[in-house]
Amino acid sequence: MLASSFLTPAQIVAELDKYIIGQHEAKRHVAIALRNRWRRLHAPAEMQKEIVPNNILMIGATGVGKTEIARRLAILADAPFVKVEASKFTEVGYVGRDVESMVRDLAEQAVSRLRQRRQEEVKAQAAQAVEDIILDALIPPIKAPAGVSSSSLGFGSPEGNSAEAMPSSDQELNERTRERFRQKIRDGELEDRRIEINISQGNPSVGIMGAPGMMDEATMSGLQDMLGSMLPKKSRKRKVSVAEARKLLLEEEAAKLIDMDEIKEEAIRQAENSGIIFIDEIDKVATSGSGKSSGPDVSRQGVQRDLLPIVEGSAVNTKYGIVNTDHILFIAAGAFHVSKPSDLIPELQGRFPIRVELQSLTKDDFYRILKDPKNALTKQYQALLATEDVALTFEDEALLKLADIAAEVNSEVENIGARRLHTVMSRLLNELLFDVPDQLPAGTALAITPQLVEERLRGMVKNRDMSQYIL
Ligand SMILES: Nc1ncnc2c1ncn2[C@@H]1O[C@H](COP(=O)(O)OP(=O)(O)OP(=O)(O)O)[C@@H](O)[C@H]1O
Ligand SMILES: [Mg+2]
């Protein structure tokens with residue numbers, strides 16, 4: 001990738017700013033980490049091997065933007081990215097779903113990203129092939145067998161002089177009709193015409209019976225794929241409309257045009273060098289307190305131990321090949337309400353050298369979160385009501401009040417961060433949303449005033465019992 005096409009740290013922060021308010025420290029750290037991936041790939045080869053990513057641990061109360069930062073980063077990174085919840089590894093059985101699955105998911109993601117991209121590249125070519133198939137189904141081409149003249153077929157003129165002209169004019173006629181129909185197809189005039197096409201059924205899926213635990217997931221699915229591809233591909237004739245045929249055939253034709261082996265190789269390379277794994281809820285596998293290790297604690301520690309080799313760098317077998325995890329960037333996040341980062345086993349703490357604390361959100365932040373982000377709640381509701389031709393506006397004072405109320409409920413009842421804005425907002429707009437369009441028909445302009453906010457919400461905030469349930 002060219003330097004110019006890869007975002008600089010400041011640009012990354014600016015992009016994140018469009019969606020996330022505040023949390024500057026966290027944004028800076030992830031921006032540096034992301035840019036470092038690019039820097040490393042441009043360092044001399046022998047140095048590349050030495051440079052390991054500085055994994056990040058994000059710490060912050062619930063609802064302050066940890067997951068949101070990761071989500072936006074994934075889009076920006078333009079790299080294979082997976083997000084897993086650490087807690088899910090403790091759910092099944094004693095140690096849970098095997099931890100290596102996150103690397104397999106990453107490989108899977110890398111492959112599907114690349115495949116999609118390649119398919120996009122060959123789309124025009126595939127569309128052309130599809131058009132040909134549809135045309136052949138509508139007006140089959142006449143193939144003039146070489147050396148066979150029309151007279152020998154019995155429908156030429158008795159004289160030999162036109163024997164040359166006849167087949168070519170048949171063919172010409174056929175060609176002309178085909179071209180006319182080609183144009184009709186392009187103009188969309190034949191979308192509903194039914195044609196018969198061959199559709200391949202894909203690889204028949206092969207079930208493998210085996211005692212669970214005898215094979216890991218990678219071996220299992222690899223084996224299934226292999227057996228599947230050994231069986232002959234089935235194809236089936238189907239009568240469908242031209243429009244449907246186009247949909248069905250496009251993917252098939254595109255698949256024929258791309259080189260899966262090349263994609264697999266490139267995908268593994270990308271996963272290894274620019275892959276990012278976001279481990280959310282890491283605090284849920286920290287062992288609270290010290291000393292006594294009860295059942296769940298043992299399981300949690302087990303997960304941490306399983307995580308170690310992956311974060312440190314090991315080879316994981318995936319169905320696309322071996323993925324080395326040495327240079328994958330890991331970002332872990334947790335609220336650490338009950339446990340502390342120091343409750344993680346020491347080895348794991350060491351694997352996340354960069355600690356970023358996310359700030360608790362203030363009244364002021366809430367105000368900006370309501371207003372500024374590209375996906376701000378106010379904008380979402382405006383877009384919803386715009387579909388009914390109802391114009392919704394929020395007075396600035398009203399937003400300040402809403403922010404104030406959200407902050408108050410957070411401090412009085414429970415701090416759930418920016419998520420509080422969702423509950424407050426839905427409470428505020430609930431009735432309006434119900435009344436459109438029956439009571440408030442299309443064309444209405446609704447302005448949310450501070451008085452309205454006061455009226456709908458203030459009483460509830462005062463009444464603690466009520467706000468516990470409603471807001
Ligand atoms: N700083 C922020 N700027 C804009 N929106 C935010 C911010 N923080 C949180 N939000 C919004 O609040 C919601 C919850 O945020 P998020 O999922 O990031 O919380 P979290 O920090 O991961 O919390 P948890 O610890 O509970 O997982 C999201 O819808 C997000 O859009
Ligand atoms: Mg989260």
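Here, each number is a calculation from the coordinates, and none is a lab measurement. Computed from a predicted structure; not experimentally measured. Ideal geometry is used to build each Cβ from the backbone, glycine not excepted, and the neighbour counts take in all protein chains shown.
Beyond 25 Å in Cα-Cα separation lie the following of the pairs Lys18/Lys379; Lys83/Lys379; Lys49/Lys88; Lys18/Lys66: Lys83/Lys379; Lys49/Lys88.
Placing a label point 7 Å from the Cα of Ala447 along the Cα-to-Cβ line, the residues of region 378-408 whose backbone N sits under 14 Å from it are 391-399.
Positive end of the charge dipole of region 384-471 (Lys, Arg +1 and Asp, Glu -1 on Cβ, about the Cα centre): tell me which of Leu421, Leu452, Val409 has its Cα farthest that way. Of the candidates, Val409 comes out farthest on the positive side.
Could you tell me whether region 344-386 comes out rounded, prolate or oblate from its Cα gyration tensor? Rule is a ≥ b ≥ c as square roots of the eigenvalues, rounded for a/c under 1.5, then prolate if a/b exceeds b/c, otherwise oblate. It is prolate, given that a/c is not under 1.5 and a/b is the larger ratio.
Counting only Cβ charges, +1 for Lys and Arg and -1 for Asp and Glu, the dipole size of region 363-470 around its Cα centre is about 320 debye. Kirkwood radius and radius of gyration were both taken over the C-alpha atoms of region 363-470, and their ratio Rg/Rh is 0.97.
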